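Visitor: Pasting a structure here, questions to come.
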Amino acid sequence: MRVPHPWEGAYPAACRWDAPLRISTLPEMFARLVRNGGARPALRYRDQRLSYTDLGTLVARAAGAFRALGVEKGQAVALFLPNTPWHPVCFFALTGLGARVVHLSALDARRELAHKLADSGARLVVTTDLPTLLPQAEWLWETGAAARVLVGEDSRWGGEPATLPPGLEPLSPLLDAATPVPDWPEAAPGDVALLQYTGGTTGLPKGAMLTHGNLTAAVSIYQHWDDGERMVPGEQRVMGVLPLFHIYALTTVLLRHLADGNEVILHPRFDAGAVLRDIAQHRVTLMTGVPTMWIALLNHPDAARTDFSALHACVSGGAPLPHEVGQKVERLFGQRLRIGWGMTETSPAGTRVPVGVTSRPGVIGVPLPGIEMRIVAMDDPGRALPPGEAGEIAIRGPNVFAGYWNKPADTAAAFRDGWFLTGDLGRLDADGLFSLLDRRKNMIISGGFNVYPAAVESALYEHPDIVEAIVIGIPDAYRGQSAKAFVTLRPGAAELTLEALKAFLHDRLGRHEMPAALEIRDSLPRSPAGKLLASTLIAEERDRAQEPQA
């Protein structure tokens with residue numbers, strides 16, 4: 001008889017941790033969703049809608065075009081695409097052929113783009129002719145980083161026609177002339193479907209190998225989570241503003257909701273005003289976002305008069321959401337904000353906070369169905385720690401990646417006894433819920449005490465004038481390290497000094513946690529998915545410390 005895990009007692013009544021998961025391949029899942037979806041709308045982009053049947057037809061033609069170009073099983077092909085229909089069309093066509101998709105970010109520096117192509121072996125790049133992408137795509141071709149660049153025309157979906165630079169080829173003629181692929185090649189759940197590059201905080205990013213089984217397992221895991229969201233399959237209109245080249249949106253927005261037969265409303269970039277308009281106009285029932293998006297929506301002048309009555313659920317992930325921000329979002333939307341945790345390496349299924357749990361700072365909830373988690377000692381990851389003790393979060397399940405591409409040593413170091421070591425510091429509390437303390441590499445040791453930047457940031461967000469905040473450790477001659485706060489302020493805010501900030505934080509933080517330095521900026525660095533990047537500021541401070549003094 002199976003012994004229940006400590007978190008199962010905190011599970012929603014309608015949900016089972018040991019629910020049977022459906023693990024298959026992406027072409028099998030795609031064929032099923034097209035068959036079941038039929039004439040129902042699958043995608044909305046601008047004023048155009050594609051049915052599931054339309055999507056299936058386009059994917060079959062795109063697969064024929066790629067096959068005619070010589071794309072075959074095991075070949076790497078890069079997608080340099082924002083949220084337009086070209087992304088799902090090409091993603092499903094390539095994975096159907098057995099190719100390995102390589103996601104490139106629209107915000108990647110040229111050095112990162114070239115690295116991902118060279119590391120993955122991708123010589124073919126598919127992009128679109130939006131003005132933010134064409135110069136980068138032209139550079140990839142001119143420098144030889146890419147041998148061939150295909151450009152999906154945005155005018156096919158109602159956009160403005162564009163003139164392509166020399167050497168770049170339009171995709172539509174190839175697709176329209178292609179013979180649709182009637183049958184997909186044989187695929188196995190263990191085949192690599194996607195190389196998803198992690199945002200490396202030091203050095204160059206690494207490619208996480210996500211298999212067909214990982215991605216379809218993650219979809220099934222999300223489908224089995226039932227916490228009263230009223231998410232009837234086939235009846236949802238889902239906001240697709242998170243970038244699909246990021247694993248969070250790919251799985252939780254595109255794959256999961258197409259598998260459910262829902263309609264995904266695509267936005268090529270995040271614009272708070274446009275999102276608020278679509279929520280009201282298209283009666284959006286679900287929105288998934290990252291903390292920076294919720295902050296932008298909170299601060300938009302149209303937010304207070306937007307009709308949110310159709311929303312059944314709002315989910316936040318991608319980065320820890322400050323407790324104070326979450327409370328403000330809940331007051332604005334009039335409902336409990338669903339909070340989760342996950343990683344690129346977990347496809348990104350990890351945890352959810354049950355709605356019935358009393359919200360508290362740092363809580364990330366219970367492992368989703370089929371996923372196991374434990375806290376291990378930082379000096380001995382093979383030793384599991386009891387509830388209440390802080391350590392590193394370890395995770396295992398069918399959604400956990402196969403390893404890092406071409407990096408066997410990094411892969412070996414990332415696992416211990418079949419458990420993936422996340423690098424996140426956490427704790428299993430007595431009530432069966434996990435709490436996230438911080439990233440292991442971000443932890444500040446000040447005077448021998450552990451200081452978690454996430455806890456300091458949470459206190460900073462309680463200040464009425466602070467819009468965004470990042471806390472990092474800086475050298476301190478006396479304590480070894482101390483905290484430095486980088487913040488942005490709301491328009492019209494009064495000057496904020498370090499002394500005034502310390503006075504505000506006096507009863508919110510311990511003496512060892514109190515920031516020793518404050519820097520006010522117009523904006524803070526963020527990743528392509530909108531996650532605030534402490535790593536960029538850490539690098540800036542390191543470079544600043546190495547500069548010769550005048």
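Visitor: Considering only helices (runs of 4 or more DSSP H) fully contained in the range 237-314, which possess at least 2 residues that are among the small types (Gly, Ala, Ser) and either out of contact with any helix residue (DSSP H, G or I) (no Cβ under 6 Å at 6 or more places or on another chain) or within 24 Å of Phe91 (Cβ to Cβ) (or both)?
Guide: Numbers: elements: 256-259, 272-281, 291-298.
It comes to 272-281.
Visitor: When only residues in the range 153-185 that are at pLDDT below 95 and of a type in the set (Ser, Thr, Tyr) count, which is farthest from Leu140 (Cα to Cα)?
Guide: Only one residue tops the list, namely Thr179.
Visitor: If I filter the range 87-108 for residues that are touching a helix residue (DSSP H, G or I) at 6+ places or on another chain (Cβ under 7 Å), in a helix (DSSP H, G or I) and over 30 Å from Asp260 (Cα atoms), do I get at least one hit?
Guide: Scanning the range 87-108, I find no residue that is touching a helix residue (DSSP H, G or I) at 6+ places or on another chain (Cβ under 7 Å), in a helix (DSSP H, G or I) and over 30 Å from Asp260 (Cα atoms), so the answer is no.
Visitor: Additional query: Please go through the range 43-60 and pick out each residue that is part of a strand (DSSP E or B) and among the polar types (S, T, N, Q).
Guide: First, the residues of the range 43-60 that are part of a strand (DSSP E or B): 43-45, 48-51.
Within the range 43-60, Gln48, Ser51 meet the criteria.
Visitor: Ok, one more. Of (1) aliphatic (A, V, I, L, M); (2) buried (at least 23 other Cβ atoms within 10 Å of the Cβ); (3) touching a Lys or Arg at 6+ places or on another chain (Cβ under 6 Å); (4) within 27 Å of Met287 (Cβ to Cβ), Val355 satisfies all except one. Which?
Guide: (2)
Visitor: Do we find that Asp507 is assigned to a loop (DSSP other than H, G, I, E, B), farther than 30 Å from Leu133 by Cα and free of Cβ contacts under 8 Å to residues at least 40 places away in the same chain in this structure?
Guide: On the way: assigned to a loop (DSSP other than H, G, I, E, B): yes; farther than 30 Å from Leu133 by Cα: yes; free of Cβ contacts under 8 Å to residues at least 40 places away in the same chain: yes.
The answer is yes for Asp507.
This table checks each residue for (1) of a type in the set (Ser, Thr, Tyr); (2) surrounded by fewer than 24 Cβ atoms within 10 Å (Cβ to Cβ); (3) outside the structural domain of His257 (by TED's automatic domain parsing); (4) touching a residue at least 40 places away in the same chain (Cβ under 8 Å).
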| site | (1), (2), (3), (4) |
| --- | --- |
| Ala76 | no, yes, yes, yes |
| Phe80 | no, no, yes, yes |
| Arg100 | no, no, yes, yes |
| Arg110 | no, yes, yes, no |
| Leu113 | no, yes, yes, no |
| Ser120 | yes, yes, yes, yes |
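Visitor: Right, something else. Return the pairs, sorted by first residue and then second, in which the second residue is part of a loop (DSSP other than H, G, I, E, B) and among the β-branched types (Val, Ile, Thr), the first residue lies in the range 312-339 and is without any contact (Cβ under 8 Å) to a residue 40 or more places away in the chain, the beta carbons are less than 6 Å apart, and the residues are 6+ apart or on different chains.
Guide: Pairs that qualify, where the first residue is without any contact (Cβ under 8 Å) to a residue 40 or more places away in the chain and the partner is part of a loop (DSSP other than H, G, I, E, B) and among the β-branched types (Val, Ile, Thr), are Arg336/Val355; Ile339/Val353.
Visitor: Shifting gears a bit: Quick one: Pro189 ticks every box in (1) surrounded by fewer than 22 Cβ atoms within 10 Å (Cβ to Cβ); (2) touching a Ser or Thr at 6+ places or on another chain (Cβ under 7 Å); (3) more than 18 Å from Leu255 (Cβ to Cβ) bar one, so which box is it?
Guide: With respect to (1) surrounded by fewer than 22 Cβ atoms within 10 Å (Cβ to Cβ); (2) touching a Ser or Thr at 6+ places or on another chain (Cβ under 7 Å); (3) more than 18 Å from Leu255 (Cβ to Cβ), Pro189 is out only on (3).
Visitor: Also, I was wondering about something else. Within the range 293-306, can one find any residue that is under 18 Å from Arg237 (Cα atoms) and either buried (at least 21 other Cβ atoms within 10 Å of the Cβ) or of a type in the set (Val, Ile, Thr) (or both)? Let's see the steps before the verdict.
Guide: Start the filter on the range 293-306 by keeping residues that are under 18 Å from Arg237 (Cα atoms), which leaves 306.
Next cut, either buried (at least 21 other Cβ atoms within 10 Å of the Cβ) or of a type in the set (Val, Ile, Thr) (or both) only: 306.
Within the range 293-306, one or more residues are under 18 Å from Arg237 (Cα atoms) and either buried (at least 21 other Cβ atoms within 10 Å of the Cβ) or of a type in the set (Val, Ile, Thr) (or both).
Visitor: What's the number of the only condition in (1) under 17 Å from Leu266 (Cβ atoms); (2) crowded, with 16+ Cβ neighbours inside 10 Å that Val71 fails to meet?
Guide: Just one mismatch for Val71, condition (1).
Visitor: Just checking, how many residues over the range 77-128 are farther than 16 Å from Val151 by Cα and of a type outside the set (A, V, I, L, M)?
Guide: 14
Visitor: Related question: If you check Pro386 against the conditions, is it in contact with a Phe, Trp or Tyr (Cβ under 7 Å, 6 or more places away or on another chain) and assigned to a loop (DSSP other than H, G, I, E, B)?
Guide: Values: in contact with a Phe, Trp or Tyr (Cβ under 7 Å, 6 or more places away or on another chain): no; assigned to a loop (DSSP other than H, G, I, E, B): yes.
Spelling it out, it is not the case that Pro386 is in contact with a Phe, Trp or Tyr (Cβ under 7 Å, 6 or more places away or on another chain) and assigned to a loop (DSSP other than H, G, I, E, B).
Visitor: While we're here: With the condition kept exactly as written, say whether any residue in the range 505-519 is in contact with a helix residue (DSSP H, G or I) (Cβ under 9 Å, 6 or more places away or on another chain) and closer than 30 Å to Leu104 by Cα.
Guide: So in the range 505-519, the residues in contact with a helix residue (DSSP H, G or I) (Cβ under 9 Å, 6 or more places away or on another chain) come out as 505, 508-509, 513-519.
Still in the running and closer than 30 Å to Leu104 by Cα: none.
Looking through the range 505-519, none of the residues is in contact with a helix residue (DSSP H, G or I) (Cβ under 9 Å, 6 or more places away or on another chain) and closer than 30 Å to Leu104 by Cα.
Visitor: What number of residues in the range 389-420 are of a type in the set (Lys, Arg), assigned to a strand (DSSP E or B) and farther than 20 Å from Pro4 by Cβ? Full working, then the answer.
Guide: From the range 389-420, those of a type in the set (Lys, Arg) are 396, 407, 416; that's our starting set.
Going one step further and asking which of them are assigned to a strand (DSSP E or B), we end up with 396, 416.
Retained after the next criterion (residues that are farther than 20 Å from Pro4 by Cβ): 416.
The total comes to 1.
Visitor: How many of the residues making up the range 315-344 are in contact with a strand residue (DSSP E or B) (Cβ under 8 Å, 6 or more places away or on another chain) and part of a helix (DSSP H, G or I)?
Guide: Count: 4.
Visitor: In this structure, is Val467 surrounded by 22 or more Cβ atoms within 10 Å (Cβ to Cβ) and either touching a strand residue (DSSP E or B) at 6+ places or on another chain (Cβ under 8 Å) or aliphatic (A, V, I, L, M) (or both)?
Guide: Values: surrounded by 22 or more Cβ atoms within 10 Å (Cβ to Cβ): no; either touching a strand residue (DSSP E or B) at 6+ places or on another chain (Cβ under 8 Å) or aliphatic (A, V, I, L, M) (or both): yes.
Here the answer is no, as Val467 does not meet what is asked.
Visitor: Does the range 455-463 contain any residue that is touching a Lys or Arg at 6+ places or on another chain (Cβ under 7 Å), surrounded by 15 or more Cβ atoms within 10 Å (Cβ to Cβ), part of a loop (DSSP other than H, G, I, E, B) and not polar (S, T, N, Q)? Show your work before the answer.
Guide: Start the filter on the range 455-463 by keeping residues that are touching a Lys or Arg at 6+ places or on another chain (Cβ under 7 Å), which leaves 459, 462.
Cutting the leftovers down to surrounded by 15 or more Cβ atoms within 10 Å (Cβ to Cβ) gives us 459, 462.
So of that shortlist, the ones also part of a loop (DSSP other than H, G, I, E, B) come out as 462.
Those still in the list that are not polar (S, T, N, Q) too: 462.
Within the range 455-463 (the criterion being touching a Lys or Arg at 6+ places or on another chain (Cβ under 7 Å), surrounded by 15 or more Cβ atoms within 10 Å (Cβ to Cβ), part of a loop (DSSP other than H, G, I, E, B) and not polar (S, T, N, Q)), the answer is yes, since at least one residue qualifies.
The values are calculated or read from the model by the stated rules, or taken from the named source; none is laboratory data. Computed from a predicted structure; not experimentally measured. Ideal geometry is used to build each Cβ from the backbone, glycine not excepted, and the neighbour counts take in all protein chains shown.
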